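**Q** Input: one structure, supplied below.
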Amino acid sequence: MSLFKRSATELVGTFWLVLGGCGSAVLAAAFPDVGIGLLGVSLAFGLTVLTMAFAIGHISGCHLNPAVSLGLVVGGRFPAKELPAYIIAQVIGGVIAAALLYFIASGKPGFDLAGGLASNGYGEHSPGGYSMAAGFVCELVMTAMFILIILGATDKRAPAGLAPIAIGLGLTLIHLISIPVTNTSVNPARSTGPALIVGGWAIQQLWMFWVAPLLGAVIGGVVYRWLGKEDT
């Protein structure tokens, strides 16, 4: 499969992740009387990865996340030379999804972009008012653990065919833990899409949702490469 086609597949998959995950937060989390809440949004993000893993995993590997692609490079599972193409495609997919979500959400009377469009943030823009330091550490650790889950679940020694379930549930758990802290990123492409639509504070704080996940991905890749290496 050509790099162009695999990158295009990553664009589609990341589009689905941002539309499904952020869409659930913006459109359904607090819907009158039957809002899905934090649990529902967490599950939605997990389901986007689970469904795409089965749909496109055999085409592109279903990274859907620059941090995942970097973690796979560090873990020895993905060629570094293909990393830029994947990251560009993922970011484009996230931006398109955020733009579509904005179009849909703004179709309701009284919609206000000040709500953040599910943007990630810290300090006064953290759902729970958590500090920048707390948010940074949370994003770093959650991403590192996500990479460990992905590398472990896709290891040739792991049970065959179950990786999408483990990865999807892993992302669900990560959101259950960290939505109150940063609205959960662990994915620079997911953060970039809404931030570009919202602008202002979301752009100013976007740096953290690139730096912390990418650093966490490197840590996760290094740790699993050591843990998973068979002793000689």
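**Q** Return yes or no: is ALA97 buried (at least 21 other Cβ atoms within 10 Å of the Cβ), in contact with a helix residue (DSSP H, G or I) (Cβ under 9 Å, 6 or more places away or on another chain), modelled with pLDDT of 95 or more and assigned to a helix (DSSP H, G or I)?
**A** yes
**Q** Just to be sure I understand the filter: pairs with C-beta atoms under 9 Å, separated by 6 or more residues or on different chains, first member in the range 96-117 and without any contact (Cβ under 8 Å) to a residue 24 or more places away in the chain, second member part of a helix (DSSP H, G or I) and open to solvent by less than 70 Å² (accessible area, probe 1.4 Å). Which pairs pass?
**A** Final answer for the pair search is SER106/LEU113; PHE111/ALA105; ALA114/VAL198.
**Q** Still on this structure: Starting from the range 1-24, keep only residues that are among the aromatic types (Phe, Trp, Tyr), then list their pairs with residues that are part of a helix (DSSP H, G or I) whose Cβ atoms are within a distance under 7 Å, requiring at least 6 positions of separation or different chains.
**A** Note: pairs meeting the criteria are PHE15/GLY93; PHE15/ILE96; PHE15/ALA97; TRP16/THR48; TRP16/MET52.
**Q** Yes or no: GLY40 over 25 Å from TYR86 (Cβ atoms) and either without any contact (Cβ under 8 Å) to a residue 24 or more places away in the chain or part of a helix (DSSP H, G or I) (or both)?
**A** Yes; evaluated as a whole, the condition is true for this residue.
**Q** Given (1) touching a Ser or Thr at 6+ places or on another chain (Cβ under 6 Å); (2) not in a helix (DSSP H, G or I), where does PRO109 come up short, assuming only one miss?
**A** Result: PRO109 fails condition (1) only.
**Q** Something else about it: Applying the selection to the range 69-85, what residues are over 15 Å from GLY221 (Cβ atoms) and in contact (Cβ under 8 Å) with a residue 40 or more places away in the chain?
**A** Correct list: GLU82, ALA85.
**Q** Moving on to the next point. Given the condition open to solvent by less than 50 Å² (accessible area, probe 1.4 Å), touching a Lys or Arg at 6+ places or on another chain (Cβ under 8 Å), at pLDDT 95 or above and not in a helix (DSSP H, G or I), answer yes or no: does some residue in the range 78-88 qualify?
**A** no
**Q** Then there's this: Could you tell me whether the range 210-225 includes any residue that is modelled with pLDDT under 95, assigned to a helix (DSSP H, G or I) and either open to solvent by less than 50 Å² (accessible area, probe 1.4 Å) or farther than 20 Å from PHE15 by Cα (or both)?
**A** There is at least one residue in the range 210-225 that is modelled with pLDDT under 95, assigned to a helix (DSSP H, G or I) and either open to solvent by less than 50 Å² (accessible area, probe 1.4 Å) or farther than 20 Å from PHE15 by Cα (or both).
**Q** Continuing with this model, one more query. Which condition number in (1) at pLDDT 95 or above; (2) within 23 Å of ILE179 (Cβ to Cβ); (3) of a type outside the set (Ser, Thr, Tyr) is the one that ALA30 fails?
**A** For ALA30, the exception is condition (1).
The values are calculated or read from the model by the stated rules, or taken from the named source; none is laboratory data. Keep in mind it's a predicted model, so treat the numbers as computed, not measured. Here Cβ is always computed from backbone atoms with ideal geometry, including for glycine, and neighbour counts include all displayed protein chains. SASA here: full protein model, heavy atoms, side chains in, ligands and nucleic acids out. Shrake-Rupley method; radii C 1.70, N 1.55, O 1.52, S 1.80 Å.
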